[in-house]
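We did not get these values from a lab; they are worked out from the coordinates using the rules stated. This one's a predicted model, so the numbers in the text were calculated from it and none came from an experiment. Every residue, glycine among them, receives a Cβ derived from its backbone with ideal geometry; neighbour counts consider all protein chains shown.
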Amino acid sequence: MSKSLLLDNRGIISWLLSQIALLLAAGILIGAIAGLTFYNDWQKQAEAKAIASHFASFVETMDLKEFPEKMTYLFPEKSYYYKVKISTDYVSVTREDGTIKNKIIGREELLIQPYIRPIERKWSWNDSKELHDFLMDKYAHSGYIDDPIPMDEKSDVLEYLKNESSDKSKELAKEPLIMEKPNEPLFIEKAFIYFKKDGGLDREGIVIIHQKEE
């Protein structure tokens with residue numbers, strides 16, 4: 001083998017090795033960039049889910065209350081824009097600053113089914129006071145502890161509440177309550193409807209989520 005041919009072979013091998021090294025380095029760099037991008041989007045989704053989870057936990061805590069109570073809920077202020085949608089089954093938080101996909105959604109299931117009352121809907125009642133006023137018109141008793149509904153009408157009241165929840169759930173699945181701004185207050189109530197029975201009272205508790213300020 002001539003010396004020039006040997007040098008040519010060595011040159012080709014050296015060139016191939018340098019190209020392979022460049023390809024490996026490019027692959028590592030692309031992998032690192034892709035990994036960082038996926039991680040950033042994963043972090044954003046995890047944060048959106050945390051916001052949704054906190055709200056769901058708050059609602060579940062209200063459901064455990066043993067006395068009527070009303071609390072104001074504010075979603076946290078963030079440096080980015082996000083939107084909240086609430087139905088009777090889920091709360092979802094959507095932000096539009098993803099890298100792989102622009103829209104990032106964090107969703108949490110509600111373990112109870114609250115009565116959701118968007119302020120723009122013209123429904124029979126929106127908050128606990130309006131509910132008791134509605135019961136007064138329908139049953140001649142408000143259902144407050146000092147004006148309980150007769151026990152023989154309890155099944156009728158519970159059937160109404162069941163149908164009301166079912167009907168509104170279908171509507172809210174299509175058009176949920178939407179919070180465009182986190183500093184908009186949301187009001188969450190634990191309300192009780194009392195029934196008069198021999199020797200005492202019976203009661204039924206519900207959670208109402210609404211936007212109506214008194």
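Per residue, the convex hull spanned by the Cα atoms of segment 91-214 amounts to 120 cubic angstrom. A full extension of the chain between residue 136 and residue 163 corresponds to an added length of 7.9 nm, given 0.36 nm per residue minus the alpha carbon distance.
Working note: Karplus 6.51/-1.76/1.60 with θ = phi - 60° gives segment 162-179 the couplings 5, 5, 4, 5, 5, 4, 6, 4, 5, 5, 6, 5, 8, 10, x, 5, 10, 9 Hz, where Gly and Pro are set to x. With a Förster radius of 45 Å applied to the C-beta separation of residue 202 and residue 120, the computed FRET efficiency comes to 0.80. Amide H to amide H, with H built 1.01 Å from N, residue 73 comes under 5 Å of 186, 187, 188, counting only residues 5 or more places away or on other chains.
Calculated FRET efficiency, residue 212 to residue 156, Cβ-Cβ distance, R0 = 35 Å: about 0.85 to the nearest 0.05.
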